[in-house]
Amino acid sequence: MDTTTSVRDQILDHAITSMMLRGYNGFSYRDLSTLVGVKTSSIHYYFPSKDDLVLEAVNVYSSGVMDALRTIDESLPADTKLSKYTMMFGKILSDCSQICLCGMLAADIESLPDNIRHAVQAFFRANESWLAKVLAQGAKEGTLAVNGKPENAARALYAAFQGSVLASRLFSTKARLEDVEASVKVTR
């Protein structure tokens, strides 16, 4: 057992990774107890139900992604911001074996309770909102091609990013992410 990280944090880390690899139904408390080196009753102490654990995992994951977005310098050109966003998605992919936690949960949405559904929807909306601002900036600068309203284009772009991680996983290549980014960049 890792003694530098709290048991609660280890449980969350392993749950997030497990869901990014196999989805909501792809792990159990027994799996986590083996990974963390604790009894399942210890997991229940921190997270009485799997839904409690998943909701906290979504909240932690979402906070981490939003924190990463806030580190992208506002003064950068829009195409550079989009490149940094693409690199962030590339880090999520790791070795092309896992996908975005909220993207994976979106596929399982029918089996999830409403509070988790709302948290996943909020994650999608936050990313789409950030992308809409970048696309609007890029349209003004002439660095990004935007057809229609930036909000609509952002939803389509975010869907393309989520789809690209699935295809990247399928084909074991991050090139699919780069294809999404290239689809909106203005070539000079």
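Below are the figures for this structure:
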{"quantity": "Net charge contributed by nearby residues that have their C-beta within less than 12 Å of E56 (K/R +1, D/E -1)", "calculated": "-2"}
{"quantity": "Neighbour-count ranking [beta-carbon atoms within 10 angstrom, fewest first] of R22, R70, R176, R117", "calculated": "R70, R22, R117, R176"}
{"quantity": "Cβ-based exposure ranking for S97, S42, in which fewest neighbours within 10 Å come first", "calculated": "S97, S42"}
{"quantity": "Ratio of Rg to Rh over segment 1-106 (Cα coordinates, Kirkwood Rh, two decimals)", "calculated": "1.05"}
{"quantity": "Computed label-point distance, nm, for sites A156 and K133 using a 7 Å Cα→Cβ extension", "calculated": "2.3"}
{"quantity": "K149, K50 arranged by Cβ crowding within 10 Å, fewest neighbours leading", "calculated": "K149, K50"}
{"quantity": "Förster radius 25 Å - calculated FRET efficiency between R30 and A126, Cβ distance, rounded to 0.05", "calculated": "0.15"}
{"quantity": "Distant-in-sequence amide H partners of K185 (H built 1.01 Å from N, under 5 Å)", "calculated": "A145"}
{"quantity": "Contour excess over end-to-end distance, with Cα ends at K91 and K140 and 0.36 nm allotted per residue", "calculated": "14.7 nm"}
{"quantity": "Quotient of Cα Rg and 2.2 N^0.38 Å for segment 52-184, N being how many residues it contains", "calculated": "1.04"}
{"quantity": "Nearest-0.05 FRET efficiency for H44 and A167, computed from C-beta distance (R0 45 Å)", "calculated": "0.75"}
{"quantity": "Helix 175-184 axis, angle to the chain major axis (alpha carbon atoms, nearest 10°)", "calculated": "40"}
{"quantity": "0 to 90° range, to nearest 10: angle between helix 114-141 axis and the chain longest Cα axis", "calculated": "20"}
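The numbers here are math on the coordinates, done by the rules we state, and not lab data. Predicted, not measured: the structure shown is a model, and the values here were computed from it. Heads up, the Cβs are rebuilt from the backbone with ideal geometry, glycines too, and the neighbour counts pull from every protein chain shown.
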